[in-house]
Structure formats: structure tokens, C-alpha cells
Amino acid sequence: MTKFVIWVPTMPEFIEGFFELTSLSSSDVVYDLGSGDGRLLFAALEKGAGRCVGIDIDPKKVKEANESAREKGLDSKVTFIEGDFLDQDLSEATVILCYLFPEALRALRPKFERELKPGTRIVSEVFSVPKWKENLVKEVNRKHFNLYIMPPEKED
């Protein structure tokens with residue numbers, strides 16, 4: 001996946017955009033694909049998520065995120081995995097957060113369709129999943145966020 005990915009952190013003023021499209025409860029398992037320093041997952045826990053999983057290919061970011069989780073006392077609720085998210089099982093996710101280029105979303109689309117259960121929500125910052133219709137689009141601070149609910153409606 002490295003050819004698709006560079007770490008671009010979600011700025012603090014945009015974090016809320018993810019959660020304006022979907023509410024979270026203690027039964028939610030939230031995945032962040034390209035989790036970086038873990039900021040979205042820490043926010044998800046503050047918003048009521050039950051458990052979180054971050055996946056990132058950068059070992060330094062994974063180490064930093066795990067250290068932050070320990071310092072915050074959240075290491076029992078959040079796990080950070082070093083690896084390519086295309087190689088990870090996403091089937092337990094009830095919510096997926098991502099800020100990924102269209103090429104990565106195109107590569108993930110069949111994986112999402114195979115592995116995610118009906119009702120799983122995907123929130124994508126800026127970029128759309130190719131060939132899917134959004135259930136909802138919201139602009140937050142002049143940036144678009146897209147919500148998809150599995151199974152997605154397909155574009156013609």
C-alpha cells in the first residue's frame with residue numbers, strides 16, 4: 001500500500017467532521033486506516049466508541065500512538081497495528097475512518113464489499129470511494145466528509 005500513502009495528519013479543526021456524520025456508542029469498534037499518531041481514535045473514544053483499532057505502515061507512528069494510548073490510560077480500549085491495511089481483517093469494524101487518496105479507496109473497495117457487515121459505516125475525509133454513492137456528504141470548515149453505509153449504493 002505504500003505507493004498510495006503519505007501521512008497527512010487530520011488537523012484538529014477537521015476531526016469533528018468525522019463524528020458529525022455518524023454517532024458512536026459503546027458497541028462500536030472503530031478502525032482508522034492510516035492511523036498515524038492515533039488522534040482520530042482517541043477522539044472516537046471520547047465520543048463513546050467501545051474499542052478502536054488503528055492500522056499504519058509506519059513503525060514510528062505506531063510506536064508513538066501506542067505510547068500515547070498508554071499515557072492516556074486508553075491502551076485497553078485501543079490497539080495500533082503496524083501493517084498494510086489491505087492485509088488486515090476489517091470484518092469486526094462497525095465504523096471505518098479514513099483520509100486516503102482515491103487510488104487507495106479504489107483498492108479497498110472490493111475488500112470493504114467482501115469483509116464489512118451490513119450497517120458498517122465508512123467516513124472518508126475529502127475523497128470519495130470510486131463507483132459508490134455517498135449516503136451523506138457534509139462540509140466542515142470547507143472540507144468534505146463522505147458517509148457510506150454498507151452495503152453501498154453503486155453509481156451507474
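What follows is calculated from the coordinates using simple rules that are stated; it is not laboratory data. Predicted, not measured: the structure shown is a model, and the values here were computed from it. Quick reminder, even Gly has a Cβ in these numbers, built from the backbone with ideal geometry, and neighbours come from all protein chains shown.
Numbers for the structure displayed
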{"quantity": "Candidates G50, G73, G119, ranked by Gaussian network fluctuation over the chain, Cα under 10 Å, top entry", "calculated": "G73"}
{"quantity": "Phi to ³J(HN,Hα) by Karplus 6.51 cos²θ - 1.76 cosθ + 1.60 over segment 22-33, Hz, x for Gly, Pro", "calculated": "8, 7, 10, 9, 5, 8, 7, 10, 9, 10, 10, 8"}
{"quantity": "DSSP-defined beta bridges in segment 12-156 - what % are antiparallel, rounded to 5", "calculated": "40"}
{"quantity": "Total formal charge among the other residues, if their Cβ is under 10 angstrom from that of G38, Lys/Arg +1 and Asp/Glu -1", "calculated": "-2"}
{"quantity": "Sites E92 and K143, calculated FRET efficiency, Cβ-Cβ separation with R0 25 Å, nearest 0.05", "calculated": "0.30"}
{"quantity": "Overall Cα dimensions of the chain - principal axes, largest extent first, Å", "calculated": "48, 31, 30"}
{"quantity": "Helix-derived mean residue ellipticity, 222 nm - over the chain, DSSP H n ≥ 4, -39500 (n - 2.57), to 500", "calculated": "-9000 deg cm²/dmol"}
{"quantity": "In degrees, nearest ten, helix 102-115 long axis to first principal axis of the chain (Cα)", "calculated": "90"}
{"quantity": "Sequence-distant residues sharing a close amide H with V140 (under 5 Å, placed H)", "calculated": "F145"}
{"quantity": "The chain: most fluctuating residue of S124, S35, S76 per GNM, C-alpha cutoff 10 Å", "calculated": "S76"}
{"quantity": "Crossing angle, helix 59-72 versus the chain [Cα axis fit, 0-90 degrees, rounded to tens]", "calculated": "70"}
{"quantity": "Vicinal HN-Hα couplings computed from phi for segment 139-151 (Karplus, 6.51 cos²θ - 1.76 cosθ + 1.60; Hz; Gly/Pro x)", "calculated": "9, 10, 6, 6, 10, 8, 10, 10, 10, 10, 10, 6, x"}
{"quantity": "Taking segment 23-154 and dividing mean pair separation by its residue count, relative contact order in percent (alpha carbons under 8 Å, at least six apart)", "calculated": "20"}
